[in-house]
Amino acid sequence: TLFIAFAMSFYLPLSVADEYADARQRMVQIISQDVIETSSYLGTETLAPTVLQAMGKVPRHEFVPRREKPFAYENRPLPIGHGQTISQPYIVARMTELLIEGGPLNRVLEIGTGSGYQTAILAKFAQEIYSLERIKALQEKTRKRMRTLKIYNVLFRYADGSVGWQDKAPYDGILAAAAPAKVPEQLLQQLAVGGRMIIPVGEERQKLFRITRTEEGFDHQFIEDVRFVPFRSGVR
């Protein structure tokens with residue numbers, strides 16, 4: 001098991017922040033417009049100001065390969081290598097809000113660290129994040145990236161995400177960045193009562209769900225149609 005512990009903090013050099021600040025703000029405006037345009041089925045016309053503020057501060061260009069940096073603040077997914085992508089900014093913001101709507105988060109489990117962009121956003125809203133990645137090369141790059149950006153409240157593990165991280169359970173929130181055909185039972189059982197899971201489900205046609213654990217069981221709420229990389233078991 002490979003992991004590295006961090007304590008909460010975030011620092012971004014001023015020169016880097018200044019260079020991309022306008023592009024990030026344009027991205028936030030586009031996200032806000034997307035929410036308005038989809039409000040008829042999302043049930044909201046705005047995202048939480050704290051989520052939009054986080055999206056406007058985290059440097060997405062630091063989480064993509066050099067050749068993709070010119071497109072870093074476009075509202076679309078981008079390739080990050082190994083057949084994986086960094087999620088569309090809109091869906092990162094949306095999933096973050098769905099996770100934090102239930103109140104303060106202590107422990108969050110993230111399935112699929114990827115480039116670490118979603119992780120960095122979540123780091124602003126949770127005391128502790130436990131992030132699993134099955135592709136070792138991706139995880140190693142992300143661990144270095146987090147140290148560079150001084151994000152200190154994330155614990156990483158190289159492992160099969162479908163089995164979760166039982167030793168650290170239960171979790172107030174679980175967020176999956178890949179789509180299984182059905183929700184893994186082991187992940188459901190690691191969710192605390194009152195906790196929520198945000199997860200895309202399906203193969204050809206995927207749907208985003210918010211699953212809340214209650215004393216009686218699990219409440220599944222459909223959010224919207226989405227498109228994610230498939231959920232894979234095993235490591236490589």
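The values are calculated or read from the model by the stated rules, or taken from the named source; none is laboratory data. Everything quoted here is computed from the prediction, not taken from an experiment. So basically every Cβ, Gly included, is an ideal-geometry build from the backbone, and we count neighbours across all protein chains shown. With ligands, DNA and RNA removed, areas are computed over all heavy atoms of the protein, side chains included. Shrake-Rupley method; radii C 1.70, N 1.55, O 1.52, S 1.80 Å.
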Fill in the blank from the handout: Where a ≥ b ≥ c are root eigenvalues of the Cα gyration tensor, a/c under 1.5 meaning rounded, otherwise prolate if a/b exceeds b/c and oblate otherwise, the range 103-236 counts as oblate
Exercise for the section: Multiply the residue gap between Q186 and K168 by 0.36 nm, knock off their C-alpha separation, and tell me the result in nm, one decimal place. Expected result: 5.2 nm
Exercise for the section: Can you tell me the relative contact order of the range 141-236? Whole percent, Cα pairs under 8 Å, sequence separation 6 or more. Expected result: 25 percent
Fill in the blank from the handout: Judged on accessible area alone, 1.4 Å probe, highest first, K57, K69, K136 line up as K57, K136, K69
Problem - Cut-off 14 Å between beta-carbons: net charge of the residues surrounding T46, Lys and Arg +1, Asp and Glu -1 - result: -4
Practice task
Give the accessible area for T44 in Å² (nearest 10); use a 1.4 Å probe, count only protein heavy atoms, and leave out ligands, DNA and RNA.
Solution key: 40 Å²
Exercise for the section: Please list, or write none, the aspartates and glutamates whose alpha carbon is within less than 15 Å of the alpha carbon of K69, excluding same-chain residues fewer than 8 places away. Expected result: E19, D22
Exercise for the section: Under 1.5 on a/c is rounded, so check that first for the range 166-227, then, if it is not, pick prolate when a/b is larger than b/c and oblate when it is not; a ≥ b ≥ c are the square roots of the alpha carbon gyration tensor eigenvalues. Expected result: prolate
Completion exercise
Any lysines whose Cα falls less than 21 Å from that of K182, other than same-chain ones fewer than 8 residues away, would be K207
Problem - Residue among V108, A123, A137 farthest towards the positive dipole end of the range 94-203, charges placed on Cβ - result: A137
Problem - Answer label for Cα extents along the principal axes in Å (calculated), chosen among (i) 47, 39, 36; (ii) 53, 34, 33; (iii) 50, 45, 34 - result: (iii)
Problem - Estimated 222 nm signal from helices in the chain, with DSSP H stretches of n ≥ 4 weighted -39500 (n - 2.57), rounded to 500 - result: -9000 deg cm²/dmol
Handout entry: Listed pairs K124/K144; K57/K124; K57/K168 exceeding 21 Å between Cα atoms
Key = K57/K168
Handout entry: Accessible heavy-atom area order of R76, R60, highest first, probe of 1.4 Å
Key = R76, R60
Handout entry: Ranked order, R26, R210, R205 - accessible area, probe 1.4 Å, largest first
Key = R205, R26, R210
Practice task
Rounded, prolate or oblate: pick one for the range 120-182, where a ≥ b ≥ c are the square roots of the eigenvalues of its C-alpha gyration tensor, a/c under 1.5 means rounded, and failing that, prolate if a/b is larger than b/c, else oblate.
Solution key: oblate
Exercise for the section: Calculate the dipole size of the chain relative to its Cα centre from +1 charges on Lys and Arg beta carbons and -1 charges on Asp and Glu beta carbons; express the result in debye to the nearest 20. Expected result: 980 debye
Practice task
Considering only DSSP beta bridges where both residues belong to the chain, give the percentage that are antiparallel (nearest 5).
Solution key: 45 percent
Problem - Percent RCO, i.e. relative contact order, over the range 40-89, from Cα pairs under 8 Å lying at least 6 residues apart - result: 23 percent
